[in-house]
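Here is the structure we will look at, set down as structure tokens.
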Amino acid sequence: MDTPDESPAPAPAPGSRWSALQPWLTLACRLALAGILVYAAVSKYPPALSVQAVEAYDLFPHEVARLIGYTLPLFELALAVLLLVGLATRFTGAVTALLMVVFIAGILSAMARGLSIDCGCFGGGGAVDPGETTYGLSIARDIGFAALGAFIALWPRSPLALDRPLGLFR
Amino acid sequence: MGSEARKRARERLKEQRAKERKAAARRRNLIVVGVAAAVIVLIVGIGYAVLNSDRDEGYTGPLAAQTLQEDGSVVMAQEGARAPVVEVYADYQCPACRQFELTNGGLLKERAAQGEAIVHFRPVSIFAQQQVPISSNSLRGGAAARIAADHGVFVQYNDVLFENQPTEGREGFSTEQLREWFAGLDTSAAQQEEFDARLEEEAAVVTEFTEEFLPALTEDAVAQIGQETLGTMVLSDLLAWGADNGHDPGFLEGTYTGELIDATGAAYTRYSGDSAFRGTPSVYINGVLLDNNTAMTVRGLSEAIASADPGKVETQPLADGGEAQ
């Protein structure tokens, strides 16, 4: 077997607080993002209302909007489960960040077309009075969530992750 | 073997090992990502199947009798049925109402036909105060449904309106479309003629109301009582204020458009507390407002109807009957 001095791991820099701290930061990001995703998924129930929130974006034909309305909360739930157990951490973090980018694009498109809708991010959705849109807030929130996902993707090493026994990000 | 050669051999071995380690790591990574992707597919797939099992099959059997009420609402029930009263408040331009109709329209028809529910359709226009064309679509759709009720085909027409709901903010429910949809139902030429004539009148009232009367009234009201107070007033309050302040709503008198606006105002005062009417869709069983998880799922509504006691319809049938068969 390898002798210690052959180990390819980045040599723990003397007194590197970062390498001690980072796994816990990643764990915190995983838990926070998982919690957010679970809440987002659950608040979109029942699917009939979720479909209506998707339709309000006026981007898809009815059948496609219906499919998205039904499956998006489930997808969010699945990502939350993966983050929680720490499986394929880098991949899951990246996909979640990407999902947030897609959400931001959707909100920007609604803004650009002058729609007055609720983003439907956490349930709700549909038309609101023109003075009551909160696009800025929704986008800022999604940027924050995307940042959590990006952090996880960049530094996937964390404790309490299934990845570890499987030999990943040790 | 010279020491040079030994060193080279050792180095080659080391490189070889490093390469193998990398390949193994890549393989592991791929496998784990594959497993994660499978988990996603599994959760989404199973979840979708479960959620879809809540879909109602779409009821195509015979409808229970429809009885037009004095206030323009319509009761669909078997004669003499002793069953819970399910009141449905909907705006034809409201997307969530369309989703309710798609989700539970069939269930309501079925339960009414079985004598297990008395379904009370109460069309409203909560969007009457919004901008054109949201307001005009909402009112024109509601008025057309009311004319259809005169001819005993409200429930069928209600379905067609929701099926063809205009996207919010786009012009829709044109008089041509509304006429065509009526013609597509089981109606006579004489009925069509009556429908068309009445629709022309109502459409003109809607246009006058949404494009002239209401903007002028709103402008005056903002100037005199302020945006803030105005925001707390429902449309019927605003109309009452206007009547005292030089905006005569007389042209609404006797029109179905006016009746729809009155029905909407009345809805806001009909219930109190947790059951207060706040928007559409609102579904009540025996006067108690259902939450979204109950109203917007087939299982939820089905169970709520099954577990409710018989109720009583609060409105009176229109004297000259709505069943002009």
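Please treat every number below as a calculation from the coordinates, not as lab data. Keep in mind it's a predicted model, so treat the numbers as computed, not measured. Neighbour counts are summed over all protein chains in view; Cβ atoms, including those assigned to glycine, are modelled from backbone coordinates with ideal geometry.
Data table
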{"read-out": "Among A:G86, A:G120, A:G131, residue whose mean-square fluctuation peaks in a GNM of chain A (springs only between Cα atoms under 10 Å)", "value": "A:G131"}
{"read-out": "In nm, spacing of pseudo-spin labels at B:R26 and B:T269 (7 Å Cα→C-beta vector)", "value": "7.7 nm"}
{"read-out": "Shielding by partners, peptide B:97-107 (average Cβ within 10 angstrom, other chains)", "value": "3"}
{"read-out": "Nearest-ten-degree value, helix B:189-208 long axis tilted from longest Cα axis of chain B", "value": "80 degrees"}
{"read-out": "Ascending count of other beta-carbon atoms within 10 Å, so fewest first, for B:D91, B:D244, A:D142, B:D262", "value": "B:D244, B:D262, A:D142, B:D91"}
{"read-out": "Residue-span extension gain [B:K14 to B:V50] - 0.36 nm each, minus C-alpha spacing", "value": "7.6 nm"}
{"read-out": "Normalised convex hull volume, region B:1-53, alpha-carbon set, Å³ per residue", "value": "30 Å³"}
{"read-out": "Selection from B:S236, B:A263, B:P215 lying farthest towards where the dipole of region B:213-273 points positive, charges on Cβ", "value": "B:A263"}
{"read-out": "Which of A:V95, B:L63, B:A83, positive extreme of dipole for the protein assembly as shown (C-beta unit charges)", "value": "A:V95"}
{"read-out": "Distance cut-off 28 Å, percentage of C-alpha pairs in region B:19-159 lying past it", "value": "41 percent"}
{"read-out": "Student exercise, chain B dipole from Lys, Arg, Asp, Glu Cβ charges, in Debye to nearest 20", "value": "4740 debye"}
{"read-out": "Stokes-Einstein diffusion coefficient of the protein assembly as shown, Kirkwood radius over Cα pairs, 4 °C, 1.567 mPa s, in µm²/s", "value": "49 µm²/s"}
{"read-out": "Part-to-part distance (alpha-carbon centres) for region B:77-148 and region B:226-254, which is given in Å", "value": "25 Å"}
{"read-out": "Built amide H within the under 5 Å cut-off of A:I117, gap 5+", "value": "A:V128"}
{"read-out": "Exposure rule at most 16 other beta-carbon atoms within 10 Å, DSSP loop trypsin sites (Lys or Arg not before Pro): chain B longest free segment", "value": "B:171-277"}
{"read-out": "Beta bridges per DSSP with both ends in region B:1-127, % antiparallel, nearest 5", "value": "55 percent"}
{"read-out": "Fully extended contour minus Cα-Cα distance, from A:V101 to A:W24, at 0.36 nm per residue", "value": "25.2 nm"}
{"read-out": "Charged-residue dipole, Cβ positions (Lys, Arg, Asp, Glu), the protein assembly as shown about Cα centre, Debye nearest 20", "value": "5780 debye"}
{"read-out": "Rounded to whole Å, sorted largest first: equivalent-ellipsoid semi-axes of region A:21-154, Cα gyration tensor", "value": "27, 16, 12"}
{"read-out": "Kyte-Doolittle mean at least 1.6 and Cα axial length at least 30 Å: DSSP H helices in chain A", "value": "A:89-112"}
{"read-out": "Size descriptor, Kirkwood hydrodynamic radius, that averages inverse alpha-carbon separations across chain B, Å", "value": "22.8 Å"}
{"read-out": "Centre separation in Å (Cα based) which lies between region B:260-325 and region A:86-143", "value": "34 Å"}
{"read-out": "Exercise: per-residue mean of other protein chain Cβ atoms within 10 Å, B:29-36", "value": "6"}
{"read-out": "For B:L102, net neighbour charge (Lys/Arg +1, Asp/Glu -1) across residues whose Cβ lies under 14 Å away", "value": "-4"}
{"read-out": "Rounded FRET efficiency, nearest 0.05, which uses the C-beta distance separating B:E180 from B:A306 and R0 of 56 Å", "value": "0.90"}
{"read-out": "Volume per residue that the Cα convex hull of region A:38-98 spans, once the total is divided by residue count, Å³", "value": "79 Å³"}
{"read-out": "Cβ-Cβ FRET estimate between B:D196 and A:I143, R0 fixed at 56 Å, reported to 0.05", "value": "0.55"}
{"read-out": "Sites excluded, GluC sites (Glu not before Pro) in DSSP loops with at most 13 other C-beta within 10 Å, longest stretch of chain B", "value": "B:80-170"}
{"read-out": "Only Lys, Arg (+1) and Asp, Glu (-1) charged, at Cβ; region A:21-154 dipole about Cα centre in debye", "value": "440 debye"}
{"read-out": "C-alpha long axis of helix B:134-150 to longest principal axis of chain B, angle in °", "value": "60 degrees"}
{"read-out": "Cβ-based charge dipole, chain A, positive-most Cα from A:V85, A:L67, A:G126", "value": "A:V85"}
